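Notes follow the structure.
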Amino acid sequence: NAGVTQTPKFQVLKTGQSMTLQCAQDMNHNSMYWYRQDPGMGLRLIYYSASEGTTDKGEVPNGYNVSRLNKREFSLRLESAAPSQTSVYFCASVPKTGRGETQYFGPGTRLLVL
Amino acid sequence: GENVEQHPSTLSVQEGDSAVIKCTYSDSASNYFPWYKQELGKGPQLIIDIRSNVGEKKDQRIAVTLNKTAKHFSLHITETQPEDSAVYFCAASWGSSASKIIFGSGTRLSIRP
């Protein structure tokens, strides 16, 4: 099992450009998440998908959109990138929706917006 | 709103000594408290967790304690080794919604040889 994979690993964008971050998991998990990690601020939830076919906003959804393509894949799209979106983005999955579930994280995507 | 505070932000200890990281949470309904370790260039990985019906849990050199009355929980690492150097995150989770988990701001632990 590869676990949770993310592409790309690094990306540099200019302000106003768009891009999609890809995430896939091969553990047959129901729930998937997108976080951003900024220095001194821990992990903040952008969007999540409790199950295939559903998506919901997290703490910091502005400027992002998501698609739960199927049970395995959950993508994050930046329609018009801004310097404030410079961050490290992590995708995570959880076996089933509910409290007290371990989150399995991908290796992250480092994004720099100039 | 809900909040998790984590201290200290950086911690340096001599190899072989113990390290303690502390977190406090604001929502008394929190019932699951995981700890994650993040090595350089990698995603966070769960190292230990504790639920609200347990006061302490150990796994070899790692232990977590929970004080529900005071709403704080701590990570204890004994006999520290160089491979313990990493950033550690605490988190608090509550309810049945997938969105209800808040992470602390992280502690960068360095082990001095």
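Just so it is clear, none of the values below were taken in a lab; they were calculated from the coordinates. What you see is a predicted model; the values in this text were computed from it and never measured. Note that each Cβ is placed from the backbone with ideal geometry, even for glycine, and that neighbours are counted across all protein chains shown.
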Among the candidates A:Q103, A:Q85, A:Q25, A:Q11, residue that is in contact (Cβ under 8 Å) with a residue 12 or more places away in the chain, within 22 Å of B:K42 (Cα to Cα) and within 8 Å of chain B (Cβ to nearest Cβ): A:Q103
Residues of the range A:66-82 satisfying the condition of being in contact with a Ser or Thr (Cβ under 9 Å, 6 or more places away or on another chain) and free of Cβ contacts under 8 Å to residues at least 24 places away in the same chain: A:S67, A:L69
Residue pairs meeting the criteria (Cβ under 9 Å; at least 6 apart or on separate chains; first facing chain B (nearest Cβ under 9 Å) and without any contact (Cβ under 8 Å) to a residue 12 or more places away in the chain, in the range A:30-49; second surrounded by fewer than 22 Cβ atoms within 10 Å (Cβ to Cβ) and of a type outside the set (A, V, I, L, M, F, W, C)): A:G40/B:S9; A:G40/B:S105; A:M41/B:S105; A:G42/B:Q6; A:G42/B:S105
Residue satisfying all of: in the range B:30-51; part of a loop (DSSP other than H, G, I, E, B) and surrounded by 13 or more Cβ atoms within 10 Å (Cβ to Cβ); farthest from the chain's Cα centre (by Cα) among these: B:K42
Failed item in (1) in a loop (DSSP other than H, G, I, E, B); (2) in contact with a Ser or Thr (Cβ under 6 Å, 6 or more places away or on another chain), with B:T65 passing the rest: (1)
